[in-house]
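The values are calculated or read from the model by the stated rules, or taken from the named source; none is laboratory data. As the structure is a prediction and not an experimental result, all values here were calculated from the model. In this analysis, Cβ positions are derived from the backbone assuming ideal geometry, glycine residues included, and neighbour counts consider all displayed protein chains.
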Amino acid sequence: MNQIRNFSIIAHIDHGKSTLADRMIQFTGLVEDRNFKDQILDNMDIERERGITIKSQAVSLPYRAADGQEYTLNLIDTPGHVDFSYEVSRSLASCEGVLLLVDAAQGVQAQTVANLYMAMEHDLEVIPVINKIDLPTADIERVMEQIDGELGIDPYKAIPCSAKAGIGIEPIFEAIVKKIPPPKGDDALPLSALIFDAKYDPFRGTIIHCRVFDGRVRAGDQIRFMYNGTVYRVEEVGKFLLSRSRTESLGAGEVGYIIAGVKTVSDVHVGDTITLDGRPCAKPLPGFREAKPVVFASIYPIASDDYEELSIALEKYKLNDAALVYQKDSSVALGQGFRCGFLGLLHLDIVQERLEREFNQSIVLSVPSVRYRFSLNTGEVLEIDNPSLYPDPAKIDKTEEPYIRATMMFPEKYLGTVMKLCLDKRGSNTRIHYPSPGRTELFVEMPLAEVIFDFYDRLKTLTQGYGSFDYEIIDYRVSDLVLLDILVNGEKVDALSQIVHRDRARERGVHACDRLKDEIPRQMFKIAIQGAIGGQIVSRSTISPFRKDVIAKCYGGDITRKRKLLEKQKKGKKRMKMVGNVSIPQSAFIAVLKSDTD
Amino acid sequence: MDRRAPPAPSAPGLYVHVPFCLTKCPYCHFHSRSPFGREDVKRWLDALSLEAAFYRDLFPPFDTVYIGGGTPSALTASEMGRLAAAIRRNFAIEPFSEWTVEVNPGDAAPGLLAVYRDLGINRVNAGIQSFDDETLSFLGRRHDARQAAKAVEALRSAGFDNIGLDLLYGIPGQTVEEWLETLSAALRYEPEHLSCYELTVEPGTPFFVLREKGVLPPLPEDLSLRFFMETSGRLTDNGYLHYEVSNFARDASLRSRHNRKYWDHTPYLGLGPSAHSFLEGRRWWNGEDLDAWEKALREGRRPVGGEEVLTTGQRCLESLFLGLRTSEGISLDGFREEHGIDLLALQGGLVERSAAEGLLVVDGGALKPTVRGMAVADGLARLFSDSLSLRDGVSCPSGT
Ligand SMILES: Nc1nc2c(ncn2[C@@H]2O[C@H](COP(=O)(O)OP(=O)(O)OP(=O)(O)O)[C@@H](O)[C@H]2O)c(=O)[nH]1
Ligand code: SF4
Ligand SMILES: [Mg+2]
């Protein structure tokens, strides 16, 4: 066990975690060069297309150190985007140390700080690494000052490297071996292994990703899930060497997988402890704090018949995305579905896309919302994240919405534009801090509803990519809220309703009608869209119908060609949900929230 | 043609594709060889006899024959004679059949037309396209307006009493008024039948290349609709029946009997490269290449390039979009019999809604599109079939 090191690579988004993982994998010769592709751990299509990491990914690397000894380094590459911080926090529970990357040109950013705090909470050894020193804009000295002043870490511990150019990789290996402590734990004790992730495999059942803290597990063992006491026989254990690689056993301190033919998906809980049925450990490991969703939306199958199938797909999907929470829900306009909680809009977007790609589901999502608080004159206090459950206005005493404290970092020259953006978003209690010359750190309190939707994108655009952003929820504050309904051809579509601030209500109504007009394609009949507050129409738009839609010539006997054309046009409409007589595309539900500028 | 004795509606139709043109028009995507030699025609005729032999006993007697292309009138009198003989040798043709040949205005020589009459051809369809010289040259046609007029006169003089004229509108730069002038010129000959097509730009044609370059923009929807409505209005005012999206007849008996078979799932046999056939729910089509088609036949193989057996859903979609193109519309009983679906009970009250919007009428047990409905026939068909495939338990999931 002294020969094992467990560590994660953490950093602000795009600071080069996956690229550093690439170099480390290549350094150990785990993959032949000709089989190599960049960001090799980002193995989901959606990660490669978007160029970001979404899932934490573990890989075991063999390493012969300068001291002549053979080590096994269990590396976990983590995502950088705020919406996936739950992935990071779970990865950290399996580690004794982290590599904290800082981009040599961008310097310390909001997520650098947030991730460092997370590592400190887990009591992990932190090795700072300054990446991208090959960039002409790299400023190592300035970054060292920031590491000292803003992170409170001895800057002389920082290792300069270029993940891209492969410079400074070996010193990182040596630091891992020397500075990160080997895992504690005892092979001889009863088994206790923490489930930190899982994935459903149609052939093998659930693949459980775990970190063994004490004891040893091997094929043939009877294991018990401590959460619900179910028992399974282990079919296979192994490690992650880019693909699953079977081993004889997994012992204390090791990270790997267990396959135990678990077809009942609900038996596996991320955060649960696995022990041996015949020789259980005394108590489960601490597990994880629950993910705290901040954005809520309902998912509906496009064809109502597919509800059951969606239900099964969600259960399997959740194994691989512990941050998703959901429960049954139904809508007057859209039928049966699920109310889901997400960690942010990007998370929501990814869930939707993965359900479609990996589980072949055709779905639409209702307009996302945050969770509001309503005090009624009956004394009851309701927390409502679904506008269709908006209470009777006559009974409402007080309405409150969640507020956050946003932390932003950017070069000083953008201060004016960023301040204006924050005021636009109802920001208050602004505090400015200059951590080092030319850099601004801005703290602003804002309603969560204003920041989740497109705040980050706007900030990035305004600061030409140099602004970073992090936030924490601070409290609920009294706010004058109203319900904005959307009527399509006179019928209310509950999935398009939003809870909005009264001062913004009319503007939001106009905006929603305009966006829907852009998003809903013309159809055979005229479509009237209206925004209404408390029964009063505040905005409207109209989509004119097709007036010419026919092919002039039906060529000779070639009816097939013409039919295929129609079938193709019908296919293009697949991602639309029929609401009454109108087909509404998936994109429309989200579009009502987005600002015109994107 | 004798119109007193209409045969049983289910008799099949025969189509022959003549794959030759003297020159190639830049908007045309039909398969034809140009230039060509008499030797090519001979090989084609020989192979056509071989192809016909394959289907000799498969079809009941035909009651329509349609010789299209390409340019059938590019065949010499004796070649056309050989073709007619091959048809009669291989197939039974009902008495009083409709026998149509497509004629290019440049080819309408009295001698040739007299031979057509002798061969039993009783209907001609002339590819006039326009009575305006500028338009004709833009379209790359080898005839001019004067030749167009002379051709129609020659057809009449030859004794044809069932003449169809093909015209094109929506040509870039053409105004509706200019088009109506061409239409008036056509009306002077009191043709029994008129086909008025909006110019469509098909992939694989020189016009398509121009469109890709942005030179030939598609007609704006409003203008396209105006052409369509004005055409319909002008011709209906002159006593014509607007019986299909692009087709008009002087009276009901003068509708193209042959084309109708395509629209209501009547069997048809197509001979020659690129021709399509339909029999008992199966549709097949020949390869487009003349040489490959001929080679297959010489080697004793059927020159089929592809085939499909229609699923119930596909058949249903076809019934919808084809039916909604015609003024006769979709027979409610017929549809229920064929597909087990009551269109009046469509989800979302689609029929009432379409009727309220003036797109349809329910009349005489049929769903009939109005002229405005015909203008959106494809959209209506999609809408109806969408609601069918969404409805629980209905076996009309198109595309399966
Ligand atoms: N010049 C230079 N570019 C680098 C270096 N390391 C990474 N990059 C580039 O930075 C971008 C982001 O790299 P990734 O490795 O995907 O970053 P990441 O931290 O894994 O990003 P997320 O997983 O989305 O948080 C890519 O375009 C890399 O090619 C480096 O050392 N030098
Ligand atoms: S339009 Fe007629 S003549 Fe012109 S190329 Fe096509 S088939 Fe030949
Ligand atoms: Mg990454």
Practice task
Pairs only if they're at least six apart or on different chains, beta carbon under 6 angstrom, first in segment B:25-40 and within 12 Å of ligand 2 (Cβ to nearest atom), second at pLDDT below 95 and among the acidic types (Asp, Glu); list them, first residue then second.
Solution key: B:His29/B:Glu202; B:His31/B:Glu288
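Each row is one residue, and each column tells you yes or no for (1) within 11 Å of another protein chain (Cβ to nearest Cβ); (2) among the hydrophobic types (A, V, I, L, M, F, W, C).
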site	(1), (2)
B:Leu344	no, yes
B:Gln347	yes, no
B:Ala356	yes, yes
B:Leu359	yes, yes
B:Val362	no, yes
Exercise for the section: Out of A:Leu324, A:Leu343, report the one residue that is at pLDDT 90 or above, under 16 Å from A:Pro368 (Cβ atoms) and in contact with a Gly (Cβ under 8 Å, 6 or more places away or on another chain). Expected result: A:Leu324
Exercise for the section: Inspect segment B:309-316 for any residue being within 30 Å of B:Phe248 (Cβ to Cβ), modelled with pLDDT of 95 or more and surrounded by 14 or more Cβ atoms within 10 Å (Cβ to Cβ) and give the result as yes or no. Expected result: no
Problem - Single match in A:Ile499, A:Ile529 (criterion: under 26 Å from A:Asp549 (Cβ atoms), in contact (Cβ under 8 Å) with a residue 24 or more places away in the chain and more than 14 Å from chain B (Cβ to nearest Cβ)) - result: A:Ile529
Practice task
Say whether the condition of being touching a residue at least 24 places away in the same chain (Cβ under 8 Å), on the phi > 0 side of the Ramachandran plot and away from ligand 2 (no atom under 14 Å from the Cβ) is met by at least one residue in segment B:96-110.
Solution key: yes
Exercise for the section: Could you tell me whether segment B:177-188 includes any residue that is buried (at least 17 other Cβ atoms within 10 Å of the Cβ), more than 18 Å from B:Asn104 (Cβ to Cβ) and within 14 Å of chain A (Cβ to nearest Cβ)? Expected result: yes
Handout entry: Answer residue from segment A:163-201, given it is over 25 Å from A:Phe84 (Cα atoms) and part of a strand (DSSP E or B) and is nearest to ligand 3 (Cβ to nearest atom) among those
Key = A:Ile167
Exercise for the section: Examine segment A:135-143 for a residue that is outside the structural domain of A:Arg354 (by TED's automatic domain parsing) and more than 16 Å from ligand 1 (Cβ to nearest atom), and state whether such a residue exists. Expected result: yes
Problem - Count of segment B:262-274 residues which are more than 7 Å from chain A (Cβ to nearest Cβ) and under 23 Å from B:Pro19 (Cα atoms) - result: 6
Handout entry: Residue among A:Val510, A:Val444 that alone is buried (at least 22 other Cβ atoms within 10 Å of the Cβ), of a type in the set (A, V, I, L, M, F, W, C) and more than 14 Å from every other protein chain (Cβ to nearest Cβ)
Key = A:Val444
Problem - Any pair with Cβ under 7 angstrom, 6 or more apart, that starts in segment A:15-28 at a residue that is more than 14 Å from chain B (Cβ to nearest Cβ) and ends at one that is hydroxyl-bearing (Ser, Thr, Tyr) and more than 7 Å from ligand 1 (Cβ to nearest atom) - result: A:Lys17/A:Thr78; A:Thr28/A:Tyr63
Handout entry: Hey, A:Thr264 surrounded by 14 or more Cβ atoms within 10 Å (Cβ to Cβ) and either in the same structural domain as A:Glu383 (by TED's automatic domain parsing) or polar (S, T, N, Q) (or both) or not
Key = no
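Residues checked against (1) more than 16 Å from ligand 1 (Cβ to nearest atom); (2) within 14 Å of another protein chain (Cβ to nearest Cβ); (3) in contact with a helix residue (DSSP H, G or I) (Cβ under 6 Å, 6 or more places away or on another chain):
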position: B:Gly69; (1), (2), (3): yes, yes, no
position: B:Ser73; (1), (2), (3): yes, no, yes
position: B:Ser78; (1), (2), (3): yes, no, no
position: B:Leu83; (1), (2), (3): yes, no, no
position: B:Ile87; (1), (2), (3): yes, no, no
position: B:Phe96; (1), (2), (3): yes, no, no
position: B:Gly120; (1), (2), (3): yes, no, no
position: B:Arg123; (1), (2), (3): yes, no, no
Practice task
Considering each of B:Pro217, B:Pro191, B:Pro203 in turn, give the residue that is part of a loop (DSSP other than H, G, I, E, B), under 22 Å from the mean Cα position of the chain (by Cα) and more than 30 Å from B:Val115 (Cα to Cα).
Solution key: B:Pro203
Problem - Near pairs, Cβ below 7 angstrom, 6+ apart or cross-chain, from segment A:128-144 (among the small types (Gly, Ala, Ser)) to any residue that is in a helix (DSSP H, G or I) and within 10 Å of ligand 1 (Cβ to nearest atom) - result: none
Practice task
Among the numbered conditions (1) in contact with a Gly (Cβ under 9 Å, 6 or more places away or on another chain); (2) away from chain A (no Cβ under 14 Å), tell me where B:Ser319 comes up short.
Solution key: (2)
Fill in the blank from the handout: With criteria (1) touching a residue at least 12 places away in the same chain (Cβ under 8 Å); (2) assigned to a loop (DSSP other than H, G, I, E, B), A:Gly229 comes up short on (1)
Exercise for the section: Considering every residue within segment A:75-88, establish whether at least one is away from every other protein chain (no Cβ under 14 Å), away from ligand 3 (no atom under 15 Å from the Cβ) and surrounded by fewer than 20 Cβ atoms within 10 Å (Cβ to Cβ). Expected result: no
Fill in the blank from the handout: Of A:Ala163, A:Ala158, A:Ala114, the only residue that is more than 10 Å from ligand 1 (Cβ to nearest atom) and modelled with pLDDT of 95 or more is A:Ala158
Fill in the blank from the handout: Taking segment B:94-114 and keeping only residues that are buried (at least 18 other Cβ atoms within 10 Å of the Cβ) and more than 25 Å from B:Ser130 (Cα to Cα), one is left with B:Ser97, B:Glu98
Exercise for the section: Inspect segment B:78-95 for any residue being more than 14 Å from the chain's Cα centre (by Cα) and within 16 Å of ligand 2 (Cβ to nearest atom) and give the result as yes or no. Expected result: no
